[in-house]
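Input: a single structure, listed below in structure tokens.
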Amino acid sequence: MENIQHSNVEVKGLNLHVAEIGTGEKTVIFIHGFPEIWYTWRHQLIAVANAGYRAIAYDCRGYGLSDHPQEPEKATLMDLVHEVKDLLDSLEISKAFIIGQDSGAIVAYLVAVVYPEKVASVITLGIPFINPGASAVKNDLLPKGFYITRWQEPGRAEADFGRFDVKSVIRNIYILFSKSEVPVASDDQEIMDLFNPSTPLPLWFSEEDLNIYASLYEKSGFRFALQVPYRSLTVESDLIDPKVNVPALLVMGEEDYCFKFPGMEDYIRSGAVKHFVPDLETIYIPEGRHFLGEQFPEKVNKIIIEFLDKQSI
């Protein structure tokens with residue numbers, strides 16, 4: 001960890017916090033989701049660098065140590081797509097391997113659609129190809145207490161989170177998202193009320209890890225994170241029949257709660273996702289849940305490196 005270099009890189013007027021290790025000629029860019037941050041990729045950064053790659057993780061705009069845009073409530077997932085391309089340009093990287101987790105997976109695939117010349121291949125953890133828009137997640141087929149539905153309602157999550165300190169919010173969400181059930185609140189509950197204070201952190205997520213996450217979210221708050229991905233997930237991308245025309249790998253935990261989103265498991269297992277990502281390989285981790293790279297770092301690192309080593313750039 002002490003060999004990871006940190007810097008601020010100006011990208012279209014915003015300073016992005018970038019963590020980097022390795023000096024290989026081939027570059028791997030890691031994109032986080034929520035409630036994640038550059039630190040989510042700590043295990044993968046080191047492993048990929050040791051395998052001979054230049055490994056870069058960064059805080060997306062509005063997250064952690066990166067600047068907020070001026071009007072975060074107008075931001076969309078497509079802003080993060082363009083941000084990846086602009087970050088590569090600022091770092092003078094002509095082409096890279098893109099790896100995304102959670103909503104970072106959505107961004108990773110869309111970078112390959114919009115900027116195919118910048119992407120050698122795509123790896124995603126926990127989320128397949130999703131095109132933002134009204135049908136991205138079928139909220140209407142889930143109870144109205146579904147966490148995404150709740151967080152899409154302006155002000156609701158802010159009031160819910162505001163009852164706790166930042167560290168408690170991160171702890172609660174990490175524990176909830178590490179389960180195999182979709183977080184759904186009853187009518188008289190908010191999402192934070194689903195947390196049982198007696199539930200310990202997952203074995204693979206230490207108190208020190210929590211402190212680092214909390215310190216970064218204390219800097220950024222949750223304002224942008226609630227907008228992107230949640231409140232902008234239904235904003236149309238305006239991409240018509242998008243295709244990812246590079247080799248891609250999807251790594252899914254068999255016990256990931258996202259498998260229980262309406263239609264999700266069939267979309268992945270039936271191969272329907274290959275309409276959008278024709279050259280897709282899928283690997284399932286039997287006991288894996290949502291935070292695969294942290295839950296099973298050695299297994300995930302091996303899968304990532306074996307896939308990268310087969311690719312050209």
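The values are calculated or read from the model by the stated rules, or taken from the named source; none is laboratory data. The structure displayed is predicted, hence computed values, not measured ones. Positions of Cβ are generated from backbone atoms using ideal geometry, with glycine treated the same way; all protein chains shown enter the neighbour counts. For the accessible areas, the whole protein counts, side chains as well, though only heavy atoms, and no ligand, DNA or RNA atoms are used. Shrake-Rupley method; radii C 1.70, N 1.55, O 1.52, S 1.80 Å.
Put a dot 7 Å past the Cα of Leu203, heading toward its Cβ, do the same for Glu254, and the two dots end up 1.7 nm apart.
How large, in percent, is the carbon and sulfur part of the accessible surface of the chain at a probe radius of 1.4 Å? Please list the in-between numbers first.
Details: 6210 of 12670 Å².
For the chain, the apolar C and S fraction of the accessible surface comes to 49 percent.
Scanning the chain for DSSP H helices at least 15 Å long along the axis (C-alpha atoms) with a Kyte-Doolittle mean no lower than 0.5 picks out 103-114, 166-177. Comparing Cα centroids, segment 37-76 and segment 172-186 end up 24 angstrom apart.
For segment 1-36 and segment 90-150, what is the separation of their C-alpha centers, rounded to whole Å? Segment 1-36 and segment 90-150 have Cα centres separated by 18 Å.
Taking 0.36 nm per residue of separation and subtracting the Cα-Cα distance, full extension of the segment from Ala134 to His275 would add 48.9 nm.
Between Glu158 and Lys302, full extension at 0.36 nm per residue minus the direct alpha carbon distance yields a gain of 48.0 nm. Rg over Rh for the chain works out to 0.93, both radii taken from alpha-carbon positions and Rh defined as the Kirkwood radius. Decide, for segment 171-234, between rounded, prolate and oblate: order the square roots of the alpha carbon gyration tensor eigenvalues as a ≥ b ≥ c, take rounded if a/c falls under 1.5, and otherwise choose prolate if a/b is larger than b/c, else oblate. Oblate is the answer for segment 171-234, as a/c is 1.5 or above yet b/c matches or exceeds a/b. Taking DSSP loops as anything outside H, G, I, E and B, show the longest stretch in the chain free of GluC sites (Glu not before Pro) there with at most 13 other beta carbons within 10 Å. The answer is 93-180.
Accessible area per residue, 1.4 Å probe, Å², for segment 63-164: what's the number?
Here the residues of segment 63-164 average 36 Å² of exposed surface.
For a test of understanding, tell me how many lysine pairs in segment 166-313 have Cα atoms under 15 Å apart, given they are 8 or more places apart or on different chains.
4
Applying 0.36 nm per residue to the separation of Ile283 and Glu236 and subtracting their alpha-carbon distance, the gain on full extension is 14.0 nm. Calculated mean residue ellipticity at 222 nm for the chain: -9000 deg cm²/dmol, from DSSP H runs with n ≥ 4 weighted as -39500 (n - 2.57), summed, divided by the residue count and rounded to 500. Can you find, among Gly133, Tyr174, Ser121, the residue farthest towards the positive end of the dipole of segment 89-223? Put +1 on the C-beta of Lys and Arg, -1 on that of Asp and Glu. The residue sitting farthest along the positive end of the dipole is Ser121. The chymotrypsin sites (Phe, Trp or Tyr not before Pro) found in segment 193-244 that occupy coil by DSSP, while having at most 15 further C-beta atoms within 10 Å, are Trp204.
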